[in-house]
Each structure stands twice: as C-alpha cells, then as structure tokens.
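The values are calculated or read from the model by the stated rules, or taken from the named source; none is laboratory data. Every value quoted in this text rests on a predicted model; they were computed, and no experiment measured them. Every residue, glycine among them, receives a Cβ derived from its backbone with ideal geometry; neighbour counts consider all protein chains shown.
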Amino acid sequence: MRLFKDRRGFTGLEAAITLIAFITVAAVFSYILLGAGFFSTQKGQEVVHTGVQQVSSSVEIIGSIIGYGNTTGGYLNGTTLTIQLAAGGQPIDLNKTIITVSSPKHGWSVDLSYNKSNDLNSLNDSADGSHYGVYWVTNVNNPGNPADADNYLEEFEKAQIYIDFEDIYRDLLNEYKNPQLEPNEVFLIEIKPPMGATYPLELKVPPTIDPTMVLLQ
C-alpha cells in the first residue's frame, strides 16, 4: 500500500493575507476601544461641568441690602436687594426662582415666587405675601423700558428684588401672634434658582429702626 503525503505548504501569500486579517481585526478593536474611551471622557467632562453648575451659585448680590422700617411699630417692613449673574453663570428664569424668607426666632418660613403680572415700576406695588417684586435696573432686551423685561436674568442685567414683610406678617397672623422682625433679630433669605446652588443670606435687623437702613450681614 502506497501512502501519499500532502506536500502543500503555508505559502507567503497566505501568510500575508492572514497577517493582514489579524492587523485589520486589531485595528478595528483598537478603534472601538478608543471610541469608547473618548465617549467616556466626554461624558465624564459633562458630568463634571454639570456638577460644577449645581454646586456653584448662579447669582450674586451687588451693593448694599436696604431695609425699610416701621418706626411706629418698631419692626422691619420691607427689604430691597440687587442681584446679577455670577461670573460664568447661565441665564436664570425668575419664573422658576424661589426666594425663601425665614425667622429662626419666631419659627416661620415663607416661599415667595415671581409673578410677571406684578412686575411694575413701583417695587412696593409689585410684591405681596406670596410674591417678591422685581424692578429691572438694567434690561438688555428693552433698555428704554426697564419694567418691560422677559423673565430671564441675563448677562449685564441687574434686577432689584423687593420683599414686602408687611404682607407676609399679615398672612402669618393666623398662626403667629407677633411674627414681625424686630431690632437685633437675625433672619434668613435664600435665593433658589432652578439651576445652581442656593444663595443664602443671613441678615440682622439694626438695633434702631429707621425709615431706611442698611441691613447687616
């Protein structure tokens, strides 16, 4: 019985084709890994950016915080503060911005919202027991008419916020006998935009009540 051996070998062309196939597969696999790496890096940057936005306040206070006193009753009946965007801050929708006012001494806390229909030239007329008043000191949308603004606090804009404590006291009288903020009393104001950290203010009523005062921080 005669045996025949297959003498065919692994030719150079076949070796080259096999090598090219391995290189192609490795290149595709590397591309997939690189793509996944770039995607993960991009997502990581987005998460960091979002995190920074959430822990950084979007607003800042400029100038003094002014208080208005009831000299007859001896208590604070209103306050005005001016806000603008913090450096690098995104526009803030005041329709979604809540301002919380609270008195640790008396134990009350009130959430105030912005009502566009109450946005008048007179700060006193535009605030009540559940809304804060807004007067646009600078309005890039309509410089000729500061009161005719949109709801967004944008770059280069300044908004004057008025809080009417008289109306707040009136609403609180059903639950509290004497809710008024009196001399040397500490109270809190928290500005809560829809994006970014809350901007807290701890203020103190001056020892003497005058018609107009600078509130101490």
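Taking the conditions (1) β-branched (Val, Ile, Thr); (2) modelled with pLDDT under 80; (3) touching a helix residue (DSSP H, G or I) at 6+ places or on another chain (Cβ under 9 Å) in turn, Val110 satisfies each one other than (2). Restricting to the range 204-213, name every residue that is hydroxyl-bearing (Ser, Thr, Tyr) and touching a residue at least 60 places away in the same chain (Cβ under 8 Å). Selection gives Thr212 alone.
Select, from Asp210, Asp167, the only residue that is in the same structural domain as Ile92 (by TED's automatic domain parsing), in contact with a Gly (Cβ under 7 Å, 6 or more places away or on another chain), at pLDDT 95 or above and under 17 Å from Gly69 (Cα atoms). Step by step, each of Asp210, Asp167 is checked, and only Asp210 is in the same structural domain as Ile92 (by TED's automatic domain parsing), in contact with a Gly (Cβ under 7 Å, 6 or more places away or on another chain), at pLDDT 95 or above and under 17 Å from Gly69 (Cα atoms). Filtered by the rule that a residue be assigned to a strand (DSSP E or B) and under 18 Å from the mean Cα position of the chain (by Cα), the range 176-198 gives Leu188, Ile189, Glu190, Ile191, Lys192, Ala197. Within the option set Leu172, Leu201, being under 16 Å from the mean Cα position of the chain (by Cα) and either without any contact (Cβ under 8 Å) to a residue 12 or more places away in the chain or assigned by TED's automatic domain parsing to the domain that holds Gly74 (or both) holds for one residue only, Leu201.
Checking the range 170-179 against the condition returns a match, with at least one residue being among the basic types (Lys, Arg) and modelled with pLDDT under 85.
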